[in-house]
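Inspection log for the structure reproduced underneath, given as structure tokens.
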Amino acid sequence: MHHFSYRGGVLHAEDVAVPRIADEIGTPFYCYSTATLTRHYRVFTEALAGLDATVCFAIKANSNLAVIRTLIGLGAGCDVVSGGELQIALKAGAAPAKIVFSGVGKTEAELRLALASDVGQINVESEAELHTLSKIAAVMGKTARIALRVNPDVDAGSLDKISTGRKEDKFGVEWTMAPALYRKARTLPGIDPSGVAVHIGSQITSLAPFEAAFLRVRDLVLMLRADGFDIRHLDLGGGLGVPYDHNSNQTPPSPEEYGAMVKRTVGDIGCAFTFEPGRVIVGNAGIMVSRVISVKEGTSRSFIIVDAGMNDLVRPAMYGARHEIIPVLEAPPSSTTTAMDVVGPVCETTDCFAKGYPLPPLRAGNLVAFLTAGAYGAVMASSYNARALVPEVMVSGDQYAVVRRRPSFEEMVALEQMPPWVE
Ligand SMILES: *Cc1c(COP(=O)(O)O)cnc(C)c1O
């Protein structure tokens, strides 16, 4: 459910006509819907009613300050995976106690920043990190509330490149090794080992892998408690998928079904829960809008060349992800579709959004929208090919605002300077 729909044959974001934004700020751009963000956050939290739950939005999915602040206003905390994201969360106004610091390779500087900021929880991913954190916390006179991120060795059944919970993945501590590490943690200064964390991957479209992981974590919590640990926090990560492709039969479980499964598997364990959803909150709350540059008819394939490239939305090139593509001016019901390759202008063959995609007739100048682009879209954008970083706008009712503007050419090159030996 989202708030991008045709009205009188024109795609609207809530009550704002998409062509109006395109005419005023130029293309390409991302457009987020406040109503959709709000709705997704509410549906997710309501599905967890009855649990002592904190929802920490995974800001790596979308770290726009306006998006994060909107969610914080609804009660969200933040899951961060770098010092930069931690600073963004703080700048957006997140309560430090509601910030979880995850990540497979945190530097000493990042750990120091997390401790100095009094974040609510640090998810430790290795024995080496545990020792480093203890050393730093002791020097700073702080106690780090930690959860060990365990790797439950389950296959999330998602795209290979976004699965994180198998033994061969780099994330977390193998769950069979976790008890020994907790025993070590107990002896270290500056460490309060009171939590367990798990996150098995992203765009997960069935409950089974979550259920398998959560049952393993449940066993681990009970085992640790029998060993005298006071485990009070359970961080169940993110990963719930969203529907990207309406023609596919991969319908992810609803937040209600996910919430019911959480209650069924670990609801009685007497822990405070943290959830780290990213995509499910923001995925459908954003679209990317682009203008057709030209249409090229070939003998075997025909191309629609749009003004957005893989630098603006890299998911298709990076993981073979698919986005639904629709014309901004609704095609009349009588129009036929043709299989088109939708490609960007970047000088890379992988700069292709879709192959053989059925589209109604389009001409140069027409607008198209890539749906479900709110997660892992703008955050992964670059300025490859010296293309200006794609701007972001946010809509609320009949208003819209630019929430990250397009940089000027001078800004794009402002960080560069000539070495003294180059004339
Ligand atoms: C990426 C990530 C998330 C969010 O994943 P989604 O699939 O966007 O819900 C949550 N927790 C951690 C540790 C992550 O790395």
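The values are calculated or read from the model by the stated rules, or taken from the named source; none is laboratory data. Remember, predicted model here, so these are calculated numbers, not experimental data. Heads up, the Cβs are rebuilt from the backbone with ideal geometry, glycines too, and the neighbour counts pull from every protein chain shown. Ligands, DNA and RNA are stripped out before the accessible areas are found, and what is left, the full protein with its side chains, is counted by its heavy atoms. Shrake-Rupley method; radii C 1.70, N 1.55, O 1.52, S 1.80 Å.
Dividing the summed -39500 (n - 2.57) terms of all DSSP H runs of n ≥ 4 by the residue count of the chain sets its mean residue ellipticity at 222 nm at -8000 deg cm²/dmol.
Quick check: the angle from helix 127-140's long axis to the longest principal axis of the chain, C-alpha only, nearest 10 degrees? Result, in degrees: 80. Each Lys and Arg adds +1 at its Cβ and each Asp and Glu adds -1 at its Cβ; summed about the Cα centre, the chain shows a dipole of about 440 debye.
Given in Å, the Rg to one decimal and the Dmax to the nearest whole number for the Cα atoms of segment 234-278 are 12.7, 41.
Segment 299-365 and segment 181-199 have their alpha-carbon centroids 49 Å apart. Among Leu371, Leu359, Leu133, the largest mean-square fluctuation in a Gaussian network model of the chain (Cα springs under 10 Å) belongs to Leu359.
Candidates His131, Phe171, Val104 compared by Cα position along the dipole of segment 103-275: farthest toward the positive end lies His131, with charges placed on Cβ. In this structure Glu257 has an accessible area near 100 Å², from a 1.4 Å probe over the protein heavy atoms. The calculated pair-distance distribution of the chain uses every alpha carbon pair, bins of 10 angstrom beginning at 0, and gives 4, 21, 29, 23, 15, 6, 1, 0 percent.
I'd like the antiparallel share, as a percent to the nearest 5, of DSSP beta bridges with both residues in the chain. List each step's numbers first, then the result.
Values: 34 of 70 bridges.
Bridges in the chain that DSSP calls antiparallel: roughly 50 percent.
State whether segment 1-159 is rounded, prolate or oblate according to the following rule on the C-alpha gyration tensor (a ≥ b ≥ c being the square roots of its eigenvalues): a/c under 1.5 gives rounded; otherwise a/b larger than b/c gives prolate, and the remaining case gives oblate. Working shown, then result.
Working: a/c = 2.38, a/b = 2.05, b/c = 1.16.
It is prolate, given that a/c is not under 1.5 and a/b is the larger ratio.
Restricting attention to the chain, lysine pairs at least eight places apart or on different chains and with alpha-carbon atoms under 17 angstrom apart total 9.
Which of the peptides 10-21, 215-226 is most tightly packed, and how do the rest follow, going by the mean number of other Cβ atoms within 10 Å of each residue? Kindly include the intermediate steps, with their values, before the conclusion.
Working: 10-21: 19.1, 215-226: 16.8.
Per-residue Cβ counts within 10 Å, averaged per peptide and sorted highest first, yield 10-21, 215-226.
The alpha carbon gyration tensor of segment 103-275 gives principal lengths a ≥ b ≥ c with a/c of 1.5 or higher and a/b greater than b/c, which makes the shape prolate. Rolling a 1.4 angstrom probe over the protein heavy atoms with all chains in place gives the chain an accessible area of 43 Å² per residue.
Here's the picture: a label point sits 7 Å out from the Cα of Ser206 along the beta-carbon direction, and within segment 212-255 the residues with their amide nitrogen under 20 Å of it are 212-217, 238-255. The charge dipole of segment 103-275, taken about its Cα centre with unit charges on the Cβ atoms of Lys, Arg (+1), Asp and Glu (-1) only, comes to about 520 debye.
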